[in-house]
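Take a look at the structure set out below.
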Amino acid sequence: MAEGNLNYQIIKTTHAAREADDQRNENRKRSLIILIVQWLADEGYIESARQLERETNLDVNKYDVCDNVDLYTIIQEYESYFYVKFNRYPKLTKKQGPS
């Protein structure tokens, strides 16, 4: 009986951890979309921002980007981190091969 209880606890804990991980991933995706919509609007791509809002079915008016965060700063800080760690800048984009 104790072994059955232990197996149940392991399954329950694993399930809870998986659900928490899924929730973090969903929050991360939502935050990324909000950051992108805000960046598009700030750069003057208003129609693109609206279209992204429609496509994602996310009410971005319910959320606002924090004062100390924007997409440009995130990329800039990542580049700095990468340079300190690897002594070179990250390659964020690459050219596509011939079509």
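The values are calculated or read from the model by the stated rules, or taken from the named source; none is laboratory data. Just so it is clear, the structure is predicted and the values come from calculations on it, not from any experiment. Because the Cβ atoms are built from the backbone with ideal geometry, glycine has one as well, and the counts that use them run over all protein chains shown.
For segment 18-56, filtering for residues that are assigned to a helix (DSSP H, G or I) and surrounded by 13 or more Cβ atoms within 10 Å (Cβ to Cβ) leaves 19. Tell me whether segment 52-60 contains one or more residues that are among the aliphatic types (A, V, I, L, M) and touching a Ser or Thr at 6+ places or on another chain (Cβ under 7 Å). Scanning segment 52-60, I find no residue that is among the aliphatic types (A, V, I, L, M) and touching a Ser or Thr at 6+ places or on another chain (Cβ under 7 Å), so the answer is no. Taking segment 20-69 as the range and being hydroxyl-bearing (Ser, Thr, Tyr) and at pLDDT 90 or above as the test, the residues that pass are Ser31, Tyr45, Ser48, Thr56. Of all residue pairs spaced 6 or more apart or on separate chains, those with beta-carbon atoms under 9 Å, a first member in segment 30-43 that is farther than 15 Å from Lys62 by Cβ and a second member that is assigned to a helix (DSSP H, G or I) and among the polar types (S, T, N, Q) are Leu40/Ser48; Ala41/Ser48. Taken over segment 57-88, the criterion of being surrounded by 11 or more Cβ atoms within 10 Å (Cβ to Cβ) and not in a helix (DSSP H, G or I) is satisfied by Leu58, Tyr63, Val65, Val69, Asp70.
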